Amino acid sequence: MNNFVGAEQINQLLSPIALVDKLQLAFASDITTPLRQHFDIPNPYAERETTLLMMPSWQVGEDIGVKLVTIVPDSYRYDLPSIQGVYVLIDAVKGSVKSIMDAPVLTAKRTAAASALASRFMSRKDARVLTMVGTGTLAPELIKAHCAVRPIKQVNIWGRKTEKAEQLKNSLSSVLDVELNVIEDLSHAVKVADIISCATLSQMPLIKGAWLQAGQHLDLVGAYRPDMREADDDCILKSRIVVDNYQGACKETGDIRMPLDAGILQREKIVADLFELCRKERVFTRNRQDITLFKSVGHALEDLAAAQLVIESINNQI
């Protein structure tokens, strides 16, 4: 029996709202997840090193999952995506492989769902305008996920290359019943939004705190390394901050680690992580004028939950 689940099938099986709900249950569950292993491997044929991520997670008596992912920013030279890899889902009782899945699509969908889950807790319930900063693999998934949990009527797209922003707009026009715009002025795109979602490989801050308006929610998804940032210190100082998990966010992402190292942010000023919110150990109550910030660094629990939902969906079709 062919147990490989490809990108097209995962796209068909995972709806944004079902995955958000699945993640909310998973963050409150008994899933065990050690800190992911992160290796930077010299790449003599590229401007930057190749990153290898190994992300295990398991649920006793149920499943074991391991994701193996490479990140190569220069892979466009070979007409390949920057993120590639596989996800292996194993029966924790029998030890047999249940399925091997396309990791990039699974990652994109679970990452977007985590941001939407955070938005469910943090953003204004009447948020109408979403600005998407970035046009890569994550961008369409983030747009769809945010639209699934808030009554978004207008989506503004900003990218370094306007033609890519136009392509993203066109690809979503038949999928979403919202007004889609390409905006070339980033500061304007940020100022007019209720929710700003940022998914880039930027090493320097793109979002300036001076642009932020009362009541906005900032969703930071890129900057997966300690030397990368998407938001400046002013954003950090102005915002009430939630992370997906403390351990990863405080160590691996520059948006949190740099301000911590510089003394601009204190660990105790981070309001909560998704585990605490989903387990109801902490309650996030926002005032309408609050500026809120969610930093996603990624967590293997999200992959396991998404892979389990894929298998559940396949079994429901049989």
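The values are calculated or read from the model by the stated rules, or taken from the named source; none is laboratory data. All values reported here derive from a predicted model rather than from experimental measurement. All Cβ positions, even for glycine, are placed from backbone atoms using ideal geometry, and neighbour counts span all protein chains on display.
Yes or no: the stretch 127-134 includes at least one residue that is modelled with pLDDT of 95 or more, closer than 15 Å to Leu309 by Cβ and surrounded by fewer than 24 Cβ atoms within 10 Å (Cβ to Cβ). If you could, list the steps in order and put the result at the bottom.
Of the stretch 127-134, the ones modelled with pLDDT of 95 or more are 127-134.
In the following step, the residues that additionally are closer than 15 Å to Leu309 by Cβ were identified as none.
So far as the stretch 127-134 goes, no, none of its residues is modelled with pLDDT of 95 or more, closer than 15 Å to Leu309 by Cβ and surrounded by fewer than 24 Cβ atoms within 10 Å (Cβ to Cβ).
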*Counting only residues that are out of contact with any His (no Cβ under 8 Å at 6 or more places or on another chain) and touching a residue at least 60 places away in the same chain (Cβ under 8 Å), which one in the stretch 113-125 is surrounded by the most Cβ atoms within 10 Å (Cβ to Cβ)?*
Ala113
*asked:* Quick check on the stretch 279-318: of everything there that is among the hydroxyl-bearing types (Ser, Thr, Tyr) and out of contact with any strand residue (DSSP E or B) (no Cβ under 6 Å at 6 or more places or on another chain), which residue is farthest from Glu268 (Cα to Cα)?
replied: Ser313
*asked:* Which pairs turn up if I take residues in the stretch 4-25 that are outside any helix (DSSP H, G or I) and look for partners that are among the β-branched types (Val, Ile, Thr) and surrounded by fewer than 14 Cβ atoms within 10 Å (Cβ to Cβ) with beta carbon separation below 8 Å, at least 6 apart in sequence or on another chain?
replied: Val5/Ile314
*Give the residue, chosen from Ala92, Ala114, that is within 19 Å of the chain's Cα centre (by Cα), closer than 26 Å to Leu274 by Cα and modelled with pLDDT of 95 or more.*
Ala114
*Go through (1) modelled with pLDDT of 95 or more; (2) buried (at least 19 other Cβ atoms within 10 Å of the Cβ) and name the single condition Val86 misses.*
(2)
*Can you tell me which residue in the stretch 61-94 is nearest to Glu47 (Cα to Cα), limited to those that are touching a Ser or Thr at 6+ places or on another chain (Cβ under 7 Å) and assigned to a loop (DSSP other than H, G, I, E, B)?*
Val72
